[in-house]
Each structure stands twice: as C-alpha cells, then as structure tokens.
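The values are calculated or read from the model by the stated rules, or taken from the named source; none is laboratory data. Just so we're clear, the structure is a prediction, and the values are computed from it rather than from any experiment. Using ideal geometry, Cβ is built from the backbone for each residue, glycine included, and neighbour counts are taken over all protein chains shown.
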Amino acid sequence: MTTTGLVDRLRHGDPSAWREAYEAHAGRLLVWLRTLAPADVAASAEDLASETWLTASTKVGEFRGGDDDFAGWLFGIGRLHAVNARRRTTRRNTQPSDAVPDVQTPPADEMALRVAAVRQLIDRLPPREREVIGCLEVVGLDIRTTATALGLTHAAVRVARHRGLARLRRVPSLTVTS
C-alpha cells in the first residue's frame, strides 16, 4: 500500500489533509504574520492568516511542489497578503484622528511587555531583514523554506539574517544569539 502525500491529498480536497496542514503550519504562520504587519495595519494577523488559508485552498491545484515545498508556498501567499494589506492601509490612511478618545488599557504582564519590545525591535529592521528574521528566528523556518516563502535565494536569506542580527546586536541592552 502506498501512502499518498499531503499535497496530493490537499489537491483532492481531503478534509483530514487540510486539518493536518493547518495543525502543522497555522501557529507559525500567525506568529510570522504578526512580525510582518505593522501595528497600524487595519487587517489583523488573524485576518491575513484566514486570507492565506483561503487562497491556498483555492490555488492548491496550481501548486507544483511537493510536501517539502508546501510551507514555503503557504508563507509566500501570506507575505503577499501582508504586503497588500500594508498598501491598502497606506492608501486608506487609517491613522487615528484627534477626535477618537484616548482609551486606557489595563497594565500588561511581563511577557506581553517583552513581546511588545521584541516586536518594536524587529519593526526597526529594513523590510527584507524583518521578514527573514521573522521566518528564521521567530517562526523557526529553515533557510530553504524561508527562501521559497520570500522569493529569495538561499544566499540572500543568509545575508539578510546576518545583517538583521548584526543590527539587533547593536541595540543597547539586547543580547542576540546566532
């Protein structure tokens, strides 16, 4: 008996295959999309992830890779949705106006403060370095999958990672390990 690959099962609309793909990639995709979308983007990372999965479900028939290439393809779709959301936000200018009352938020716990600090640091990076650091260091993708997701060569991913980590090392009171 031969085992059918995940991508083949996805192409045939197997619900258990979609569940398996979602369980394998949804968490990392969401974390990564949070590193891509600036805080002022109208679409949340959850919205972008939903759009990514919807696009993947409609385009999986056109996907020509195998199981090993699926994550890169999926993250590439997510990246395109994030870029488009950023463009829409720029055109719509969703910056809050002075007419909106200032709302007090409850104090955040220590972990939330750390996450916010890391996000601010990552947001300081140039876009390519931010995307690469998000894929490799935040989400834990490998270089091959990151290269596929971002449409870069393996060498370009390594260079962007090196430069991004070097920039983060220069931030006072931050220790970055390679």
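The table below lists the values:
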{"quantity": "Ala160 vs. criteria assigned to a helix (DSSP H, G or I), buried (at least 19 other Cβ atoms within 10 Å of the Cβ), touching a His at 6+ places or on another chain (Cβ under 8 Å) and not hydroxyl-bearing (Ser, Thr, Tyr)", "calculated": "no"}
{"quantity": "Residue within region 96-108 that is of a type in the set (Asp, Glu), modelled with pLDDT of 85 or more and not assigned by TED's automatic domain parsing to the domain that holds Leu168 present", "calculated": "no"}
{"quantity": "Tally of residues being in contact with a Lys or Arg (Cβ under 7 Å, 6 or more places away or on another chain) and farther than 12 Å from Asp8 by Cβ across region 44-70", "calculated": "1"}
{"quantity": "Every pair of residues 6+ apart whose Cβ atoms lie under 7 Å, when the first sits in region 113-130 and is closer than 18 Å to Arg169 by Cβ while the second is not in a helix (DSSP H, G or I)", "calculated": "Leu121/Val171; Leu121/Leu174; Asp123/Pro38"}
